[in-house]
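Working notes for the structure below.
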Amino acid sequence: KWEKSENGRIFRKNNKALRRGALGRFSREQWQDVLSFFGYACALSGEKGKLDADHIFPISKGGKNIITNILRD
């Protein structure tokens, strides 16, 4: 049940980034602030649905998994 919760999704997302070698984490509250800012829609397309964090500087190229590296306007 916990794994399907919002906290579980954030935990898995952070762990996935850590497994890829990214430094840093962001909290559920920080992620909610970003979602709220964009009206719970994709920052690029405006579509609603399942949203993932889009890193400005990709983790694969050394970007950090911190909230200031998550796409927002």
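The values are calculated or read from the model by the stated rules, or taken from the named source; none is laboratory data. None of the values given here were measured: they were computed from a predicted structure. All Cβ positions, glycine included, derive from the backbone under ideal geometry; neighbour counts span all protein chains shown. Please note that ligands, DNA and RNA were not included when accessible areas were found on the heavy atoms of the full protein model with its side chains. Shrake-Rupley method; radii C 1.70, N 1.55, O 1.52, S 1.80 Å.
Some notes on this structure:
- Only residues that are more than 16 Å from LYS16 (Cβ to Cβ) and in contact with a helix residue (DSSP H, G or I) (Cβ under 9 Å, 6 or more places away or on another chain) were counted in region 42-66, giving 3.
- Residue pairs whose Cβ atoms lie under 9 Å apart, sitting 6 or more positions apart in sequence or on different chains, and linking a residue in region 48-73 that is closer than 12 Å to VAL34 by Cα to a partner that is assigned to a loop (DSSP other than H, G, I, E, B) and β-branched (Val, Ile, Thr), are THR68/ILE56; ASN69/ILE56; ILE70/ILE56; LEU71/ILE56; ARG72/ILE56.
- Note on region 19-47: residues that are touching a residue at least 40 places away in the same chain (Cβ under 8 Å) and either open to solvent by 100 Å² or more (accessible area, probe 1.4 Å) or farther than 19 Å from GLU6 by Cα (or both) total 4.
- Test: residue in region 52-63 that is open to solvent by 100 Å² or more (accessible area, probe 1.4 Å), part of a loop (DSSP other than H, G, I, E, B) and modelled with pLDDT under 85: no
- Taken over region 36-57, residues that are of a type in the set (A, V, I, L, M, F, W, C) and under 11 Å from ILE70 (Cα atoms) amount to 4.
- Filter result for ASN65 (over 18 Å from GLU6 (Cα atoms) and in contact with a His (Cβ under 8 Å, 6 or more places away or on another chain)): no
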